[in-house]
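Reviewing the structure listed below.
The values are calculated or read from the model by the stated rules, or taken from the named source; none is laboratory data. Nothing here was measured: the structure is a model prediction, and the numbers come from that model. Glycine also receives a Cβ, built like all others from the backbone with ideal geometry; neighbour counts cover every protein chain displayed. Note: accessible area is taken over every heavy atom of the protein model, side chains too, but ligands, DNA and RNA are not part of it. Shrake-Rupley method; radii C 1.70, N 1.55, O 1.52, S 1.80 Å.
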Amino acid sequence: GIVGSVAKSGIAEIISDTSLDERYILDDDMRLSEIAVPIKLGEEVIGVIDSEHPEKDFYTDRHLRILNTISKLVANRIDKLKEQEDKEHLQKEIVQMNESLERQVLQKTKENIQLNKEIAEKEKSFLMAEMSSLLAHELNTPLANIQNSASALHETIKQHSTIKNFSLATIETVK
(Lines give C-alpha, C1' and ligand atoms only; values in the text may rest on other atoms or scores of the structure.)
Protein backbone atom coordinates (compact mmCIF):
# COMPACT_ATOMS: atom_id res chain seq x y z
CA GLY A 1 0.00 0.00 0.00
CA ILE A 2 0.81 3.65 0.21
CA VAL A 3 2.17 3.36 3.76
CA GLY A 4 4.46 0.49 2.73
CA SER A 5 5.67 2.46 -0.27
CA VAL A 6 6.51 5.48 1.94
CA ALA A 7 8.23 3.18 4.44
CA LYS A 8 10.30 1.70 1.63
CA SER A 9 11.20 4.99 -0.10
CA GLY A 10 11.49 7.19 2.99
CA ILE A 11 9.73 9.98 1.10
CA ALA A 12 6.48 11.58 2.32
CA GLU A 13 3.48 11.50 0.00
CA ILE A 14 0.16 13.28 -0.35
CA ILE A 15 -2.40 11.35 -2.40
CA SER A 16 -5.13 13.75 -3.55
CA ASP A 17 -7.35 11.03 -5.02
CA THR A 18 -6.84 7.51 -3.70
CA SER A 19 -9.27 6.09 -6.23
CA LEU A 20 -6.63 6.76 -8.91
CA ASP A 21 -3.74 5.14 -6.93
CA GLU A 22 -3.44 1.38 -7.31
CA ARG A 23 -1.45 1.19 -4.08
CA TYR A 24 -4.44 2.28 -1.99
CA ILE A 25 -5.77 -0.49 0.26
CA LEU A 26 -9.35 -0.15 1.44
CA ASP A 27 -9.66 -1.03 5.11
CA ASP A 28 -13.18 -0.13 6.33
CA ASP A 29 -14.50 2.87 4.33
CA MET A 30 -13.26 4.43 1.14
CA ARG A 31 -11.31 7.59 1.80
CA LEU A 32 -10.28 9.72 -1.08
CA SER A 33 -7.28 11.58 0.38
CA GLU A 34 -4.28 10.18 2.18
CA ILE A 35 -1.05 11.57 3.59
CA ALA A 36 1.88 9.39 4.70
CA VAL A 37 5.04 10.74 6.35
CA PRO A 38 8.00 8.55 7.29
CA ILE A 39 9.50 8.61 10.79
CA LYS A 40 13.26 8.40 10.32
CA LEU A 41 15.98 7.64 12.80
CA GLY A 42 19.04 8.79 10.91
CA GLU A 43 18.56 7.32 7.46
CA GLU A 44 16.46 4.39 8.68
CA VAL A 45 12.67 4.54 8.41
CA ILE A 46 11.27 3.24 11.70
CA GLY A 47 7.62 4.05 11.13
CA VAL A 48 5.08 5.99 9.10
CA ILE A 49 2.46 8.52 10.18
CA ASP A 50 -0.60 7.99 8.02
CA SER A 51 -3.88 9.84 7.82
CA GLU A 52 -6.86 9.47 5.49
CA HIS A 53 -9.81 11.75 4.76
CA PRO A 54 -13.08 11.12 2.90
CA GLU A 55 -12.70 14.24 0.67
CA LYS A 56 -10.48 14.52 -2.39
CA ASP A 57 -7.61 17.05 -2.24
CA PHE A 58 -7.99 17.45 1.52
CA TYR A 59 -4.31 17.40 2.56
CA THR A 60 -2.07 20.40 1.87
CA ASP A 61 1.58 21.31 2.22
CA ARG A 62 0.66 22.77 5.61
CA HIS A 63 -0.47 19.31 6.76
CA LEU A 64 2.75 17.86 5.35
CA ARG A 65 4.90 20.39 7.31
CA ILE A 66 2.96 19.66 10.52
CA LEU A 67 3.29 15.88 10.14
CA ASN A 68 7.00 16.24 9.21
CA THR A 69 7.49 18.21 12.44
CA ILE A 70 5.58 15.60 14.42
CA SER A 71 7.63 12.89 12.70
CA LYS A 72 10.87 14.57 13.73
CA LEU A 73 9.63 15.02 17.31
CA VAL A 74 8.63 11.35 17.49
CA ALA A 75 11.98 10.28 15.99
CA ASN A 76 13.87 12.44 18.49
CA ARG A 77 11.88 11.01 21.37
CA ILE A 78 12.43 7.45 20.15
CA ASP A 79 16.14 8.21 19.72
CA LYS A 80 16.31 9.54 23.28
CA LEU A 81 14.51 6.44 24.57
CA LYS A 82 16.88 4.24 22.57
CA GLU A 83 19.88 6.14 24.00
CA GLN A 84 18.42 5.71 27.49
CA GLU A 85 17.95 1.96 26.92
CA ASP A 86 21.50 1.69 25.59
CA LYS A 87 22.78 3.63 28.58
CA GLU A 88 20.87 1.38 31.00
CA HIS A 89 22.18 -1.69 29.19
CA LEU A 90 25.75 -0.39 29.44
CA GLN A 91 25.24 0.41 33.12
CA LYS A 92 24.05 -3.15 33.72
CA GLU A 93 27.11 -4.46 31.87
CA ILE A 94 29.37 -2.24 33.97
CA VAL A 95 27.73 -3.46 37.19
CA GLN A 96 28.16 -7.07 36.05
CA MET A 97 31.80 -6.41 35.13
CA ASN A 98 32.42 -4.76 38.49
CA GLU A 99 30.83 -7.69 40.31
CA SER A 100 32.94 -10.12 38.29
CA LEU A 101 36.09 -8.11 38.98
CA GLU A 102 35.26 -7.95 42.68
CA ARG A 103 34.85 -11.74 42.75
CA GLN A 104 38.16 -12.16 40.91
CA VAL A 105 39.93 -9.75 43.28
CA LEU A 106 38.49 -11.60 46.27
CA GLN A 107 39.61 -14.96 44.85
CA LYS A 108 43.10 -13.65 44.04
CA THR A 109 43.31 -12.09 47.51
CA LYS A 110 42.47 -15.47 49.08
CA GLU A 111 45.08 -17.14 46.88
CA ASN A 112 47.63 -14.47 47.82
CA ILE A 113 46.94 -14.93 51.54
CA GLN A 114 47.36 -18.71 51.15
CA LEU A 115 50.63 -18.26 49.26
CA ASN A 116 51.88 -15.83 51.91
CA LYS A 117 51.05 -18.41 54.60
CA GLU A 118 52.94 -21.09 52.68
CA ILE A 119 55.93 -18.76 52.22
CA ALA A 120 55.86 -17.89 55.94
CA GLU A 121 55.79 -21.60 56.86
CA LYS A 122 58.72 -22.32 54.53
CA GLU A 123 60.67 -19.38 55.94
CA LYS A 124 59.88 -20.58 59.46
CA SER A 125 61.12 -24.10 58.58
CA PHE A 126 64.24 -22.65 56.98
CA LEU A 127 64.95 -20.46 60.01
CA MET A 128 64.40 -23.42 62.36
CA ALA A 129 66.84 -25.52 60.32
CA GLU A 130 69.36 -22.70 60.30
CA MET A 131 68.97 -22.16 64.05
CA SER A 132 69.33 -25.91 64.66
CA SER A 133 72.50 -25.95 62.61
CA LEU A 134 73.93 -22.97 64.48
CA LEU A 135 72.92 -24.45 67.82
CA ALA A 136 74.50 -27.79 66.94
CA HIS A 137 77.68 -25.97 65.91
CA GLU A 138 77.71 -23.95 69.10
CA LEU A 139 77.14 -27.07 71.19
CA ASN A 140 79.58 -29.22 69.23
CA THR A 141 82.47 -26.77 69.54
CA PRO A 142 82.57 -26.76 73.39
CA LEU A 143 81.81 -30.48 73.51
CA ALA A 144 84.64 -31.14 71.06
CA ASN A 145 86.92 -28.98 73.20
CA ILE A 146 85.88 -30.88 76.31
CA GLN A 147 86.32 -34.18 74.52
CA ASN A 148 89.75 -33.14 73.21
CA SER A 149 90.74 -31.88 76.66
CA ALA A 150 89.49 -35.11 78.24
CA SER A 151 91.48 -37.15 75.75
CA ALA A 152 94.56 -35.08 76.33
CA LEU A 153 94.12 -35.35 80.07
CA HIS A 154 93.60 -39.07 79.73
CA GLU A 155 96.81 -39.38 77.75
CA THR A 156 98.66 -37.26 80.26
CA ILE A 157 97.37 -39.35 83.13
CA LYS A 158 98.18 -42.49 81.24
CA GLN A 159 101.70 -41.28 80.52
CA HIS A 160 102.09 -40.04 84.01
CA SER A 161 100.93 -43.41 85.35
CA THR A 162 103.37 -45.17 83.09
CA ILE A 163 106.18 -42.88 84.18
CA LYS A 164 105.18 -43.24 87.80
CA ASN A 165 104.94 -47.03 87.41
CA PHE A 166 108.29 -47.01 85.62
CA SER A 167 109.77 -44.87 88.36
CA LEU A 168 108.33 -47.13 91.04
CA ALA A 169 109.57 -50.17 89.24
CA THR A 170 113.02 -48.67 88.92
CA ILE A 171 113.10 -47.77 92.57
CA GLU A 172 112.06 -51.30 93.50
CA THR A 173 114.71 -52.74 91.31
CA VAL A 174 117.32 -50.55 92.84
CA LYS A 175 116.40 -51.53 96.33
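Hey, any idea what % of the chain's accessible area is carbon plus sulfur with a 1.4 Å probe? Summing carbon and sulfur atoms, their accessible area is 58 percent of the total for the chain.
Keeping every protein chain present and rolling a 1.4 Å probe, give me the accessible area per residue for the chain in Å².
Computed with neighbouring chains in place, this is 80 Å² per residue.
Among the listed pairs 40/87; 82/108; 92/117, those with a Cα-Cα distance over 27 Å are 82/108; 92/117. Helix 61-174 and the longest principal axis of the C-alpha atoms of the chain enclose an angle of approximately 0°.
Packing, as the average of other Cβ atoms within 10 Å across residues, places the peptides 56-65, 29-38, 106-115 in the order 29-38, 56-65, 106-115, highest first.
Per DSSP H run of n ≥ 4, the term is -39500 (n - 2.57); total these for the chain, divide by its residue number, and report the mean residue ellipticity at 222 nm rounded to 500 deg cm²/dmol.
Rounded to the nearest 500, it is -26500 deg cm²/dmol.
Find which of 68, 20, 100 sits farthest along the positive direction of the dipole of the range 4-103, computed with +1 on the beta-carbon of Lys and Arg, -1 on that of Asp and Glu, about the Cα centre. Farthest towards the positive end: 100. For the chain, the dipole from Cβ point charges (+1 on Lys and Arg, -1 on Asp and Glu) about the Cα centre works out to 2080 debye, to the nearest 20. The calculated FRET efficiency for residue 153 paired with residue 133, based on their beta-carbon distance and R0 = 25 Å, is about 0.25.
For every other residue with a beta carbon closer than 15 angstrom to the beta carbon of residue 41, add +1 if it is Lys or Arg and -1 if Asp or Glu, then tell me the sum. Here the charged neighbours net out to -1. Which of 122, 82, 92 ends up with the largest GNM mean-square fluctuation for the chain, with Cα atoms connected below 10 Å? Between 122, 82, 92, it is 122 that shows the largest mean-square fluctuation.
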